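Report on the following structure.
The values are calculated or read from the model by the stated rules, or taken from the named source; none is laboratory data. What you see is a predicted model; the values in this text were computed from it and never measured. Reconstructed Cβ throughout: ideal geometry from the backbone, glycine too, with neighbour counts over all protein chains shown. Areas reflect the complete protein model, heavy atoms only, side chains present, ligands, DNA and RNA absent. Shrake-Rupley method; radii C 1.70, N 1.55, O 1.52, S 1.80 Å.
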There are 2 protein chains.
Amino acid sequence: MIDRLIEKIQKTEAPIVVGLDPQMSFIPGWILEQAYREFGETLEGAAEAVWQFNKGIIDAVCGLVPAVKPQIAMYEQFGVPGLAAFQKTVSYCRQKGLVVIGDIKRGDIGSTSAAYATGHLGKIRIGEKEYAPFDEDMATVNPYLGTDGVKPFLKVCAEEDKGIFVLVKTSNPSSGEFQDRCVALAESEDGPVSVFLSGGGKPGGRSLPEHSEELLKVLGNLQFRPLYEIVGEKVAEWAAEPELIGKYGYSEVGAVVGATYPEMGAVLRKIMPRSYILVPGYGAQGGKGKDLTAFFNEDGLGAIVNSSRGIIAAWTKEPYAEKYGADHYADAARAAVLDMKEDIRQALG
Amino acid sequence: MIDRLIEKIQKTEAPIVVGLDPQMSFIPGWILEQAYREFGETLEGAAEAVWQFNKGIIDAVCGLVPAVKPQIAMYEQFGVPGLAAFQKTVSYCRQKGLVVIGDIKRGDIGSTSAAYATGHLGKIRIGEKEYAPFDEDMATVNPYLGTDGVKPFLKVCAEEDKGIFVLVKTSNPSSGEFQDRCVALAESEDGPVSVFLSGGGKPGGRSLPEHSEELLKVLGNLQFRPLYEIVGEKVAEWAAEPELIGKYGYSEVGAVVGATYPEMGAVLRKIMPRSYILVPGYGAQGGKGKDLTAFFNEDGLGAIVNSSRGIIAAWTKEPYAEKYGADHYADAARAAVLDMKEDIRQALG
């Protein structure tokens, strides 16, 4: 799937993902009214409004961008009807030739992650039949549970030609609370060694009881790295599996690194050479075009930048509000995509 | 909701959660056949089998235990029909008086976490109407994105009398990969200070550029703590909000700590005095009754132990298989609950 994503980026000349995160306040009143007339002020009515809103956006931008990223939470908040709208959106985007990145941020223990991987990227066998329940092309994955929780996704990626983006450094203000934590590592004769205060699960890592003599011995020789770099190194390891590397040298295993942290992005770009970086946080969250260069490689590849409300809610804000308004919200989205494309083109030079 | 959970634990004398994680291999053939006859070998057929299977288990155990924990991944793998079965299961369990802990492990940036919190624990306004889409009583939450991603859940907990369990130390083998990482902290005149190698997001934390003189100065004075303790301290902080504390002194904000790591459990029990600990990993994952004492307080409160396949798939394994078999899978689950109750009673003494 990464090859397909790259080819579509090259064809559209736009390393852009449109985030389909339809909050109610982004949906023009006339769409809501129409949906409520048909389905009532119900979860079904809201889900129908979301779907109609998305359809307008998708039709307007599908020739301009390679990919979309529906945020499943915005559908899940409407319960089962919302998730049906999510599925319909995924399916319609794929029909339109867009690469669909399900922003699901799932991650659990092995057997449970396997179920998520099956439901979102894989196929499930029922009796003699097989089904692809949500069938996104790619998905975001939360790494907090370690390799156990990521491996089932890698398996499905290899089998089904799909891809993932693992959260490494997220775009939100409090992402540093845990992700930036200063992690101690020790240098040994064999190179850097991980230090755990208690039985850690890292293969090849050393497990040292607290206050042990051995720990005291390595303390004089400690290195420090932020946690997101440790996670980034793990992503690089997962990404290096030969069966996951595509013809352009990139892996089906990418990473999420927020546009709001460009200095960290520059470091992570080097740590994960085979990983495409999905960059959220551009626009509404504060990331600017000039912040994006750090995430790209010199060949102009290696990153894809997401904008959600900056595009789908463009009609509510200037300079688009006056020109387009609610009636032409999809044209506003199209104009916002073109402006973003130009902003990135200028930034990358 | 934590008060209700505690009262139900006291009434049943069983600090036990039954994990409703129906993998296909746990469902007796006769249930599958019946569902496929009605709905075909389809996602709907599989979802119906899951629901019928659950119903049998719920009817058999609802008088014995205070709570159930449906793992949403096992439903999500069947797409929209699977999620409809999840919702039906949640609703039926609540009718039966069980506290329902949605094992959803969601967590995202603020506005997105707010949507998850709304969908699973809260209410959503649609026009003039209000709906509670999935309406679990409590839910598990992933903390990797920091306070931003947890706060919207706290808000809903306070407003709707609901609860959460934040992942601190998970039960799986690779949980240590990131969760056990040795994090550096510095002692200052004002007490312990967090050290970040780069602009960290922790309020009150100090942000030090790598290799700075200031960093070098504190290096001589470093303390080390595993990451899960840092997360545990954050949970304690979230849990301490007065509006989240119930009449027994426990908070609506609990934590997940795996039975497979009892020594860490003992430390975390002290770090998070107001948090109930949801303990997965008992039984099939290797946790034993005697490992559980660390998670409880001296009053016998403070923890609730989950078992999933050990109960719902009891009929497939000895000593239950021979006695009950597929026809009486629900009686096998009931017997397994009673055995687990006795195991925990003996362990707690």
Suppose every K and R has +1 on its Cβ and every D and E has -1 on its Cβ; what is the size of the dipole of the protein assembly as shown about the Cα centre, in Debye to the nearest 20? 200 debye
Where Rh is the Kirkwood radius over the Cα pairs of segment B:225-295, the temperature 4 °C and the viscosity 1.567 mPa s, what D in µm²/s does Stokes-Einstein return? 104 µm²/s
For B:Leu167, A:Leu43, what's the largest-to-smallest order of accessible area, 1.4 Å probe? A:Leu43, B:Leu167
Between A:Gly249 and the same site in the other copies, what are the distances in nm, shortest first, taking label points 7 Å from Cα along the C-beta direction? 6.2
With heavy atoms of protein chains only and a 1.4 Å probe, what residues of segment B:27-43 have at least 30 Å² less accessible area in the full set of chains than alone? B:Glu41, B:Leu43
Just the accessible area for B:Asp148, please: 1.4 Å probe, Å², rounded to the nearest 10? 40 Å²
Suppose we keep just the DSSP beta bridges with both residues in chain B; what percent of those would be antiparallel, to 5? 30 percent
Once accessible area is computed for A alone, B alone and the pair with a 1.4 Å probe, the total buried surface, to the nearest 100 Å², works out to 7500 Å²
Computed over the Cα atoms of the protein assembly as shown, the Rg and Dmax in Å are 24.8, 74
Rank these residues by their accessible area, most exposed first, probe 1.4 Å: A:Trp238, B:Trp315. B:Trp315, A:Trp238
Would you mind classifying segment A:91-183 by shape? Square roots of the alpha carbon gyration tensor eigenvalues, ordered a ≥ b ≥ c; an a/c under 1.5 is rounded, otherwise it is prolate if a/b is larger than b/c and oblate if not. oblate
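From the cross-link list B:Lys8/B:Lys341; B:Lys11/B:Lys247; A:Lys162/A:Lys270; B:Lys123/B:Lys155, which pairs have alpha carbons spaced over 18 Å apart? Write out the running numbers ahead of the final one.
Working: B:Lys8/B:Lys341 14 Å; B:Lys11/B:Lys247 16 Å; A:Lys162/A:Lys270 24 Å; B:Lys123/B:Lys155 12 Å.
The answer is A:Lys162/A:Lys270.
Where nothing but the Cβ of Lys and Arg (+1) and of Asp and Glu (-1) is charged, how large is the charge dipole of chain A around its Cα centre, in debye to the nearest 20? Working shown, then result.
Values: 36 positive and 47 negative charges, 63 e Å.
My answer is approximately 300 debye.
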At 222 nm, what helix-only mean residue ellipticity would the protein assembly as shown give, in deg cm²/dmol to the nearest 500, using -39500 (n - 2.57) for each DSSP H run of four or more? -13000 deg cm²/dmol
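At 4 °C and 1.567 mPa s, what whole-number value in µm²/s does Stokes-Einstein give for the translational diffusion of chain B, with Rh from the Kirkwood sum over Cα pairs?
Values: Rh = 21.2 Å.
It diffuses with D of about 61 µm²/s by this estimate.
Partner chain Cβ atoms within 10 Å, averaged over the residues of B:257-263 - can you pull that number for me? Spell out each step's value before the answer.
Values: counts 0, 1, 0, 0, 2, 0, 2.
Partner Cβ neighbours, averaged per residue: 1.
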Which whole number gives the average, over all residues in A:99-108, of C-beta atoms from other chains lying within 10 Å of the residue C-beta? 4
Hey, if you put +1 on the Cβ of every Lys and Arg and -1 on every Asp and Glu Cβ in chain A, which of A:Val18, A:Gln87, A:Ala60 ends up farthest toward the positive end of that dipole? A:Ala60
Inter-part gap, Cα centre of segment A:166-181 to Cα centre of segment B:300-349, in whole angstrom, is 40 Å
Per-residue accessible area for B:Val279 at 1.4 Å probe radius, Å² rounded to 10? 0 Å²
Heavy atoms of A:Arg274 accessible to a 1.4 Å probe, total area in Å² rounded to 10: 100 Å²
Between beta-carbons, use under 13 Å as the cut-off and find the net charge around B:Trp51, counting Lys and Arg +1, Asp and Glu -1. -2
Taking a 1.4 Å probe, which of A:Lys270, B:Lys123, A:Lys341 shows the most accessible area, and what order do the others take after it? A:Lys270, B:Lys123, A:Lys341
Report, for A:Glu7, each distance to the same residue's label point in the other copies, shortest first and in nm; define the point 7 Å along Cα→Cβ. 6.3
So in the protein assembly as shown, what percent of DSSP beta bridges are antiparallel if you round to the nearest 5? 35 percent
Along Cα→Cβ at 7 Å, what distances in nm separate the A:Ala158 label point from those on the other copies, shortest first? 4.8
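Carbon-plus-sulfur fraction of the accessible area of chain A, 1.4 Å probe, in percent? The partial results should precede the final answer.
Working: 6100 of 12530 Å².
That share works out to 49 percent.
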Given the C-alpha atoms of segment B:29-106, compute the convex hull and give its volume per residue in Å³. 85 Å³
Taking placed amide H atoms and a strict 5 Å upper bound, the residues 5 or more places from A:Gly107 or on another chain that come that close are A:Asn142
If I model segment A:243-349 as equal point scatterers sitting on the Cα atoms and use the Debye formula, what is log10 I(q)/I(0) at q = 0.16 Å⁻¹? -0.72
